[in-house]
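Colleague: Following this message is one structure expressed as structure tokens.
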Amino acid sequence: MAHHEHKRSAPSAIPCAIVTVSDTRTEETDTSGAAIRERLLAAGHEVVHYAIVPDEPERIRAVIAEVRTAARARVVIVNGGTGISRRDRTYEAVAAMLDKTLDGFGELFRFLSYQDIGSAAMLSRAIAGLSGELVIFSVPGSSGAVKLAMDKLIVPELGHVVGESAKG
């Protein structure tokens with residue numbers, strides 16, 4: 001089956017979770033989480049869980065595990081903590097949970113980012129993959145990065161990725 005046929009047969013309304021990783025943001029100041037929510041809802045998806053957690057790997061893994069068991073989310077979109085500072089540990093937390101990685105996601109994100117911000121794009125450790133049937137996307141926390149990831153990569157392929165992840 002060609003990729004456009006896969007996309008046509010993919011689910012169109014997907015339950016999603018948003019996890020913002022930040023030591024300082026609140027619901028009122030989480031513009032990136034709001035941008036993710038706005039784009040998911042505009043595309044017909046549902047937000048079934050939202051959380052803000054500090055950049056502590058155990059807390060990040062715990063909230064994703066909670067989403068897997070308590071919420072009915074098929075997708076978790078994590079934003080924040082993907083840089084290279086000592087405090088940025090989201091990549092390690094998410095990577096440890098993945099059974100399969102979608103290497104192309106990080107590669108494409110950095111390529112598209114490079115077109116916007118130049119060589120600083122190489123500092124991004126955006127990653128995506130599957131933890132069982134749960135699809136996890138992890139993107140930088142800046143509003144620009146979130147909008148780029150959502151508009152160019154995540155929203156256009158969300159149904160396709162979820163549909164493929166559920167195949168046995």
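Colleague: Just to be sure before I move on: is residue 80 within 15 Å of residue 146 (Cβ to Cβ) and small (Gly, Ala, Ser) in the structure I sent?
Modeller: When the stated conditions are applied, residue 80 passes them.
Colleague: Among the residues of the range 82-109, write down those that are charged (D, E, K, R) and closer than 17 Å to residue 136 by Cα.
Modeller: Going residue by residue through the range 82-109, those that are charged (D, E, K, R) are 86-89, 92, 99-100, 103, 107.
Passing the criteria: 89, 92, 99, 100, 103, 107.
Colleague: Would you tally the residues in the range 32-64 being part of a helix (DSSP H, G or I), in contact with a helix residue (DSSP H, G or I) (Cβ under 7 Å, 6 or more places away or on another chain) and either surrounded by fewer than 16 Cβ atoms within 10 Å (Cβ to Cβ) or not polar (S, T, N, Q) (or both)?
Modeller: 6
Colleague: Residues in the range 9-31 that are more than 17 Å from residue 133 (Cα to Cα) and out of contact with any helix residue (DSSP H, G or I) (no Cβ under 9 Å at 6 or more places or on another chain): how many?
Modeller: Summing the residues that are more than 17 Å from residue 133 (Cα to Cα) and out of contact with any helix residue (DSSP H, G or I) (no Cβ under 9 Å at 6 or more places or on another chain) in the range 9-31 gives 6.
Colleague: Shifting gears a bit: Out of the range 78-96, which residues are of a type in the set (Gly, Ala, Ser) and assigned to a loop (DSSP other than H, G, I, E, B)?
Modeller: Residues satisfying the conditions are 80, 81, 83, 85, 96.
Colleague: Give the residues of the range 97-121 that are touching a strand residue (DSSP E or B) at 6+ places or on another chain (Cβ under 6 Å) and not in a loop (DSSP other than H, G, I, E, B), sorted by residue number.
Modeller: Passing the criteria: 100, 101, 105, 106.
Colleague: Among the residues of the range 38-81, count how many are modelled with pLDDT under 95 and among the polar types (S, T, N, Q).
Modeller: Here the count works out to 1.
Matching residues to (1) touching a residue at least 60 places away in the same chain (Cβ under 8 Å); (2) touching a Lys or Arg at 6+ places or on another chain (Cβ under 6 Å); (3) closer than 28 Å to residue 44 by Cα:
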| position | (1), (2), (3) |
| --- | --- |
| 70 | no, no, yes |
| 78 | yes, no, yes |
| 85 | no, no, no |
| 90 | yes, no, yes |
| 101 | no, no, yes |
| 107 | no, no, yes |
| 110 | no, no, yes |
| 116 | no, no, yes |
| 124 | no, yes, no |
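Colleague: Restricting attention to the range 110-147, and to residues there that are touching an Asp or Glu at 6+ places or on another chain (Cβ under 8 Å) and more than 16 Å from residue 99 (Cα to Cα), which single residue is surrounded by the most Cβ atoms within 10 Å (Cβ to Cβ)? Step through it out loud before you land on a result.
Modeller: Filtering the range 110-147 for residues touching an Asp or Glu at 6+ places or on another chain (Cβ under 8 Å) gives 125, 129-132, 144.
Checking the rest, the ones that are also more than 16 Å from residue 99 (Cα to Cα) come to 125, 144.
Numbers: 125: 21, 144: 13.
Only one residue fits best here, namely 125.
Colleague: Can you tell me which condition residue 13 does not meet? The list is (1) in contact with a Leu (Cβ under 9 Å, 6 or more places away or on another chain); (2) part of a loop (DSSP other than H, G, I, E, B); (3) among the aliphatic types (A, V, I, L, M), and all the others hold.
Modeller: Of (1) in contact with a Leu (Cβ under 9 Å, 6 or more places away or on another chain); (2) part of a loop (DSSP other than H, G, I, E, B); (3) among the aliphatic types (A, V, I, L, M), only one is false for residue 13: (1).
Colleague: Could you say whether any residue in the range 144-164 is in contact with a strand residue (DSSP E or B) (Cβ under 6 Å, 6 or more places away or on another chain), assigned to a loop (DSSP other than H, G, I, E, B) and touching a residue at least 24 places away in the same chain (Cβ under 8 Å)?
Modeller: No, there is no match, as no residue in the range 144-164 is in contact with a strand residue (DSSP E or B) (Cβ under 6 Å, 6 or more places away or on another chain), assigned to a loop (DSSP other than H, G, I, E, B) and touching a residue at least 24 places away in the same chain (Cβ under 8 Å).
Colleague: Would you call residue 53 closer than 19 Å to residue 126 by Cβ, within 15 Å of the chain's Cα centre (by Cα) and touching a residue at least 60 places away in the same chain (Cβ under 8 Å)?
Modeller: no
The values are calculated or read from the model by the stated rules, or taken from the named source; none is laboratory data. Just so it is clear, the model here is predicted, and its values are computed rather than measured. Note that each Cβ is placed from the backbone with ideal geometry, even for glycine, and that neighbours are counted across all protein chains shown.
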